[in-house]
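Reading through the C-alpha cells given below for one structure.
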C-alpha cells in the first residue's frame, strides 16, 4: 500500500481537514483548561469570559455565575476581568483518588437570555505524596534450613500520585544473605521478593536487619522506607506450596454472603504434622478486605462475608498464607485477585437546578424553565441514561450536553385553562432490566391580565315603581373575570352621560365593589319613563380591561296624581261652571261638559264621572260615566226650578282612587228670550264677566308663553337633529308616539309633560305627536263608507248607550294590559304594536260578531267607533297621511282612526296638536262653517257648549 509520509497529496488533505476540526471543536460547547494540584490561591486558570465570547461589562448585569456538582469553592471567576482562578486548595488525590483522569466540571450560567456553558478543568498531578508501606517495621521468620534462592514475598509500597509520580523503584540495604527481586507483570503491577542468597546459620546470625527503600519517579523524588527484621529459626525445612502464586477470580457485585470465591489447595513435602497446612489471611490484608472475605483455615475455601459494591471498589487483592504445623511452622504464600463485575443495580439520579418559576402565561416559545442533570453510578451501558417527559404537556427537553437537559416551553400557556402543570421527568438507564427514576416539577403558570370582565348578558331590564325612597337599591350587576388575584378584581362604575342639563350621576349611582345600583332620588313616572345607561366593569390588572352592560330602568306609574279640572265655558265665582239651558230642549240634550285630566297613565288616568245626589230634589240631568257630558234625562217643563246646582265627582281608577269635585250651575231660560235677572243676578253676572275677563287675560299670557317655548324648543330640536349624526344605539329614532284626546274625553292622555331619557348618544326613541282623527276623506272611501247623514240628523245630539258593558274578552285584555304595562313591555315597534289590544274601528255601522260598543266616555263617538280584537295589519301611510291607528300611552287600547265624512260632527276641540298648525287652522275653518250652517237651520235655538 502507498506510504502516508512525505506525499504532497497527504499534506493537502490534512490542511483541508484543519478548518473542519476547528469548527467541530468550537461547536462542542465546552471549554477545556488545566491546572496543577496544590496551586496557590489566585493562580490563573484561563480567560473564561473572553473564551466564551462574553463582554466584561455584561457579566454583572447578566448575573454571571459558576456552578459545580463537585466542591464549588475550588475555582472562582473575577467578574472585573473575567479570569478563572484558583480559590482554594486542590488536592487531586482527595478529588479523584487513583483515577487516571481528574477534571473539575463547571457550569457557567448567564441570564437575559439564559445560557449555559460547560467548562472542564483538568487537574494535573504533582509529586506531593511519598511512597508508603503498610507498616514501618516488618518481622520475617526464616528457617535456617531454607535452601538458597528461597523467596519470601514482601508487600510493596503505595503512592497516591499517578503516572510517573507513582512509578516506584525499590532498593534493599546491602546484605550478604539477602537480595531483592522485583517482578513486573503485564498489568504493570510489581511483586517484591526477598531472596536468600546465602545459607543462614542461626548460631552465627540469629537476626538480620534490612532497610527497604521505595523511590517514586517524580521530580523531585520522594521515598518511603520499611524496617525488615529477619529472625532465623531452626526447625521444619519444607514449606507449603501453591500450584500458582496469583489467582484471578471474577465475581459479580452484590453477591450473597457465604458465596464461595475460590478453594485453595497447598501442598507440603514434609510428613506428619509438618505437612498439615493451616490457611489464613496475611497480616497485610486491610481491615476493609477482612470484612468482605473470610477463609476456612482447614479447607482453604474463601467465601464472601460482606456486601460487595462495584461502585465503591472494583477489585480486591487478598494475600493468603498456608502454614504447616511443624515446629517451627513453615508457610507458603499466594495472592487472590478478585475482579468485581458491574450489574445494573443503581437507578439513575435526576437533579433539578435553576428553576425559573413561576412561568408567565405569555412566555415565548423556547423559554427555559429549568435545568436538569442526570447521572448513574453504574458503568458501561448500565450507566447510559436517557431522559423523557410525561406526554401531553406544553414542554419539551432539549439536550445541552451529555447528561444535561433544558426544560423549555414548547407550546403556548393559558392559565385560565391550566394553572399548574405537574411535569414528571423520567430518567432510564440502558441496563437489562432497565432501571428508571422520576422527578416531578410543579410548574406554576403566573396570570397575565388577558381576560376582560364579562357580564352574563349585554342588557338588563329593570322595573322600578315611582316615588322610591332616595338611595333605594334597584338592581345589582355582576361581571366575572376569568383571571386570578388582582387581575380578577372587578370594579364597577357608571358611564357618565349628560341628559339635558343634568348628569346621569344625579339619578343613579353604582357601588364600585358590589355592583349594586342605587337610585339617588325619587323617580317620577310623569317626568321620566325610561332611564337607560351603561355600567362599566374594569379589573385591577395592568393594563386594566373592561366591558360595559346596558341597563334599561322602566319607571312604573303609581296613582299619585288626583284628577284636575280644566276651565271650560263660563267660569263663575269659586271655579263653578254656569250654563243657560233652554226649556224647549228634549231628552238626552247635552247642555255642557266637565273637562278633567289626570297626570298619571293607564288605569290611574282613566276617569269616571258621577253626579252627587241632592236631598229632596229630583234633578232632570245626568252625567256621562266616562265622557263628563251633562245631558237632560227628560223634557223640561214649567215645574222645574229655574236654577240647578250640580256637584260632579271625578274619580280615577287607581288604587286607592283619587277624586276631584266640579260645580255646575244650570239656569233654565225660555226660548228666544233673555232670562229676567234681578239686581242680585246682574251683580253676579257682572262678577262672572269680570272673572271671565281675568281668566281670558291669564289664558292669553299662558298661550303666548307656551307658544314661545314651543318655538324655541322646535328651533333647538331642529338644530340638534341637523348637527347630530344618526346612530344605531339604544336611543336611535323609533316610530313616533301618537297621542289623541277624543271628543268625549275618556282614555285621554293628559300628561302635560312627558320625557324619555337615555344615556346613549343619538336622538330619543320616540316623538310625541297628537292629532285629530277628523281627516279629509280619501277619494276611494266614498264607495266603501255609508252615505253622509242629513244636516238635521247631524245636528241632533246622540243618545249615549247606558247599557254598555265590558265583555269578558275585553275585560281580560284590559286586565292583561295593566300587567304588561307594569312589566314594562308595552312598547310599539317600528312596525306597530306587538300586543293584541282592542282596536277602535268605524268600518261598519253595527257591531259585528266579537265586537262591543265602547262605553260613553271611552274616548270615541259611540255611533262611529267600535272595538275590535286582533292585531290588525295597518296599511303603511303614504306621504302626508297619518297612521290609521295609534297607542294611547298608559291605556290598554290601540285605536284605529277611520276618516269620517266632512259633515259628520266630531268634537275637534278636544284633540291637541303639536307642530301641525296648518292642519289645525283648516279644521277650525271647517268646523266654523258647520256650526254656522247648523245655527241657521235651528234658528239659533240652542247652544252646544261641549265643543267650546
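Observations on the structure shown:
- Filtered residue count, the stretch 165-184, keeping only those that are in contact with a strand residue (DSSP E or B) (Cβ under 7 Å, 6 or more places away or on another chain) and in a loop (DSSP other than H, G, I, E, B): 4
- Neighbours by Cβ (under 6 Å, 6+ apart or cross-chain): first from the stretch 184-208, within 17 Å of residue 168 (Cβ to Cβ) and outside the structural domain of residue 143 (by the TED database); second at pLDDT below 90 and surrounded by fewer than 16 Cβ atoms within 10 Å (Cβ to Cβ): none
- Of the candidates 116, 60, 147, 77, the single residue that is surrounded by 15 or more Cβ atoms within 10 Å (Cβ to Cβ) and either touching a residue at least 40 places away in the same chain (Cβ under 8 Å) or assigned to a loop (DSSP other than H, G, I, E, B) (or both) is 116.
- Scope the stretch 125-144; condition buried (at least 17 other Cβ atoms within 10 Å of the Cβ) and closer than 21 Å to residue 197 by Cα; matching residues: 138, 142, 143, 144
- Being out of contact with any helix residue (DSSP H, G or I) (no Cβ under 6 Å at 6 or more places or on another chain), without any contact (Cβ under 8 Å) to a residue 40 or more places away in the chain and closer than 28 Å to residue 652 by Cβ is a property that residue 613 has.
- Taking the criterion of being touching a residue at least 60 places away in the same chain (Cβ under 8 Å) and assigned to a strand (DSSP E or B), the only residue of the stretch 63-74 that qualifies is 67.
- Of the candidates 487, 468, 449, the single residue that is at pLDDT below 95, out of contact with any strand residue (DSSP E or B) (no Cβ under 6 Å at 6 or more places or on another chain) and not in a strand (DSSP E or B) is 449.
- Taking the stretch 370-396 as the range and being more than 20 Å from residue 108 (Cβ to Cβ) and under 37 Å from the mean Cα position of the chain (by Cα) as the test, the residues that pass are 387, 388, 389, 390, 391, 392, 393, 394, 395, 396.
- Any hit, the stretch 20-36, residues being more than 24 Å from residue 404 (Cβ to Cβ) and at pLDDT 85 or above: yes
- Filter pass, residue 353 being surrounded by 14 or more Cβ atoms within 10 Å (Cβ to Cβ), more than 30 Å from residue 487 (Cβ to Cβ) and out of contact with any helix residue (DSSP H, G or I) (no Cβ under 6 Å at 6 or more places or on another chain): yes
- Each residue in the stretch 532-556 was checked for being buried (at least 17 other Cβ atoms within 10 Å of the Cβ) and touching a helix residue (DSSP H, G or I) at 6+ places or on another chain (Cβ under 6 Å), and 4 pass.
Here is a yes/no grid of residues against (1) in a loop (DSSP other than H, G, I, E, B); (2) more than 33 Å from the chain's Cα centre (by Cα); (3) free of Cβ contacts under 8 Å to residues at least 12 places away in the same chain; (4) not assigned by the TED database to the domain that holds residue 362:
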| residue | (1), (2), (3), (4) |
| --- | --- |
| 398 | no, no, yes, no |
| 406 | no, no, no, no |
| 411 | yes, no, no, no |
| 421 | no, no, no, no |
| 424 | no, no, no, no |
| 432 | yes, yes, no, no |
| 444 | no, no, no, yes |
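- Only one of 273, 269, 214 that is farther than 30 Å from residue 379 by Cα, modelled with pLDDT under 95 and surrounded by 18 or more Cβ atoms within 10 Å (Cβ to Cβ): 214
- The condition of being in a strand (DSSP E or B) and in contact with a helix residue (DSSP H, G or I) (Cβ under 9 Å, 6 or more places away or on another chain) holds for only one of 139, 104, 126, 109, that being 104.
- Residue check, residue 62 touching a strand residue (DSSP E or B) at 6+ places or on another chain (Cβ under 9 Å) and under 28 Å from residue 406 (Cβ atoms): yes
The values are calculated or read from the model by the stated rules, or taken from the named source; none is laboratory data. If you're wondering where the values come from, they're calculated on a predicted model, not measured in any experiment. We place every Cβ from the backbone using ideal geometry, glycine too, and count neighbours over all the protein chains shown.
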